[in-house]
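A short write-up of the structure that comes next.
The values are calculated or read from the model by the stated rules, or taken from the named source; none is laboratory data. Computed from a predicted structure; not experimentally measured. Glycine gets a Cβ as well: all are built from the backbone with ideal geometry, and neighbour counts include every protein chain shown.
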Amino acid sequence: MDDEFIKKLRKKGWSNTEISHALSLINKSEQYKNKSVKRIDVIAYWSSLFIAIIGNLIISIILIPFLVLLQNLPLYFIIIVIALAFGFLFQLLIKDIQKISSKNNIVLDFFIPAIALINIFYMTNFSNYLSKTFSLPLITHNPLAIGILYVAFFSLPYFIIRIAKFSS
């Protein structure tokens, strides 16, 4: 069970016996969960994961005009703002998924940022291709550098929340 949950119960004055009894009841309730509720939980989990992947793809597509027209600080600023915003939204999604599933979701922690890196990498290559094809002022970007910048700031909310949990 979540250590944060146990800390909250202790702050409310619960004894260790009461906490362990409550935790055993919660664990038992998971065992006796209705099959249709379990199915809904699984559907919600995978739907959320699918939405996160599609969201990353949409963000990558939205960045194409910025990648074609901007360079250096203005571009980096836009990438950072979009990555942070989507990163915080993704953390809300992870929090909701963790309410459904008590398992540690390594898939969410590593798979989604990896998908984001791949999407941004290919979209940056695509924007470089568009610049060359349409003879736009040649602005080319390093796809790996742009991808790493995006993923670093996309992941920052995750690390902020983890550090806040450990410090409390």
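List of remarks:
- Residue count, the range 4-32 (criterion: in contact with a Lys or Arg (Cβ under 8 Å, 6 or more places away or on another chain) and surrounded by 12 or more Cβ atoms within 10 Å (Cβ to Cβ)): 1
- Here HIS141 clears all of (1) assigned to a helix (DSSP H, G or I); (2) surrounded by 17 or more Cβ atoms within 10 Å (Cβ to Cβ); (3) in contact with a helix residue (DSSP H, G or I) (Cβ under 6 Å, 6 or more places away or on another chain) except the condition numbered (1).
- When LEU69, LEU49 are checked against the criterion of being surrounded by 12 or more Cβ atoms within 10 Å (Cβ to Cβ) and within 23 Å of the chain's Cα centre (by Cα), LEU49 stands alone in meeting it.
- Which numbered condition PRO65 misses (of (1) in the same structural domain as SER127 (by TED's automatic domain parsing); (2) farther than 18 Å from GLY147 by Cβ): (2)
- Of the candidates ILE54, ILE61, the single residue that is under 18 Å from the mean Cα position of the chain (by Cα), assigned to a helix (DSSP H, G or I), closer than 30 Å to SER127 by Cβ and in contact (Cβ under 8 Å) with a residue 60 or more places away in the chain is ILE61.
- Verdict on SER155 being hydroxyl-bearing (Ser, Thr, Tyr) and either outside any helix (DSSP H, G or I) or over 19 Å from PHE110 (Cα atoms) (or both): no
- Of the residues ILE97, ILE118, ILE80, the single one that is among the hydrophobic types (A, V, I, L, M, F, W, C) and at pLDDT below 80 is ILE97.
- Taken over the range 143-158, the criterion of being at pLDDT 85 or above and either of a type outside the set (Gly, Ala, Ser) or not assigned by TED's automatic domain parsing to the domain that holds LYS95 (or both) is satisfied by PRO143, LEU144, ILE146, ILE148, LEU149, TYR150, VAL151, PHE153, PHE154, LEU156, PRO157.
- Scanning the range 24-43 for residues that are in contact with a Ser or Thr (Cβ under 9 Å, 6 or more places away or on another chain) and under 30 Å from LEU84 (Cα atoms) yields ASP41, VAL42.
- Residue in the range 33-42 that is surrounded by 11 or more Cβ atoms within 10 Å (Cβ to Cβ) and touching a helix residue (DSSP H, G or I) at 6+ places or on another chain (Cβ under 7 Å) present: yes
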